[in-house]
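To keep things clear, I will list the structure first and then write my remarks on it.
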Amino acid sequence: MHSKSTSLIVVGMILLLVSFIGYDIFSQPTKTTIKTCIPTFEDGDGPYYKANAPFTTKIVPDKNNGERLIIRGRLLKNDCTTAIPNAVLDIWQADETGTYRDTSYRGKITTNATGNYMFETVKPKGYGKGTAYRPPHIHFKVVINNKVMITSEMFFPDVKGRPDFQDAFIMSLSQKNILGFKWYEGYHDIIMP
């Protein structure tokens, strides 16, 4: 079993190699998950939103006990084909224990020229009990020209098939393993209403 420091060294070596050969995950074309064109649902901020999160593609602290997750996707107009470049996604989530933090597990990113986005986080844990249980999810706001256009959430595959969860709002998720270092890759397109 690898220690955290060994894992970090391995990740650093992989990122250095990736950087050396010129591969940029953010600039790569992203796949589509759109089977039907369903706009993202509107949701409220909830009690855990904090304004003025920093711009960062890594919204988790370096020291955490979560399962590493890279999420990618595209921001699209409601025709499901036209990309929206230069929009800001304001993201916040619970940590790996189901707790919201004031200064971490949140951040802002900007979509690139082709509407792609990418950020690093960890898989959040659900929280609450009984009918108040909230399954794992990640909140986001889409901000265009300094105006909030929509606030919503993306969910994980464990809610698939449950009432009130449409497949369009569930990210695809796969596990990766390189040299014994494991992480998850999620993919979720955001379609504007």
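The values are calculated or read from the model by the stated rules, or taken from the named source; none is laboratory data. Bear in mind that the values here come from a model prediction, so they are computed numbers and not experimental data. Note that we place each Cβ from the backbone using ideal geometry, even for glycine, and neighbour counts take in every protein chain shown. Just the protein is used for accessible areas: all its heavy atoms, side chains included, with ligands, DNA and RNA removed. Shrake-Rupley method; radii C 1.70, N 1.55, O 1.52, S 1.80 Å.
The table below gives the values:
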{"item": "Accessible area in square angstrom per residue, segment 103-193, 1.4 angstrom probe", "result": "47"}
{"item": "Cα gyration tensor shape of segment 24-175, rounded if a/c is under 1.5, else prolate or oblate by comparing a/b with b/c", "result": "rounded"}
{"item": "Heavy-atom accessible surface of segment 77-159: percent carbon and sulfur, 1.4 Å", "result": "50"}
{"item": "Summed side-chain charge close to THR151 - residues other than THR151 whose Cβ falls under 10 Å, Lys, Arg +1, Asp, Glu -1", "result": "-4"}
{"item": "Given LYS123/LYS182; LYS160/LYS182; LYS77/LYS147; LYS77/LYS176; LYS108/LYS141, the pairs whose alpha carbons are separated by over 21 Å", "result": "LYS160/LYS182; LYS77/LYS176"}
{"item": "Summed residue charge, Cβ within 9 Å of GLY126's Cβ, Lys/Arg positive, Asp/Glu negative", "result": "+1"}
{"item": "Three-way shape label, segment 97-182, alpha-carbon gyration tensor, a/c 1.5", "result": "rounded"}
{"item": "Burial order of peptide ranges 79-87, 147-155 (average beta-carbon count within 10 Å, highest first)", "result": "147-155, 79-87"}
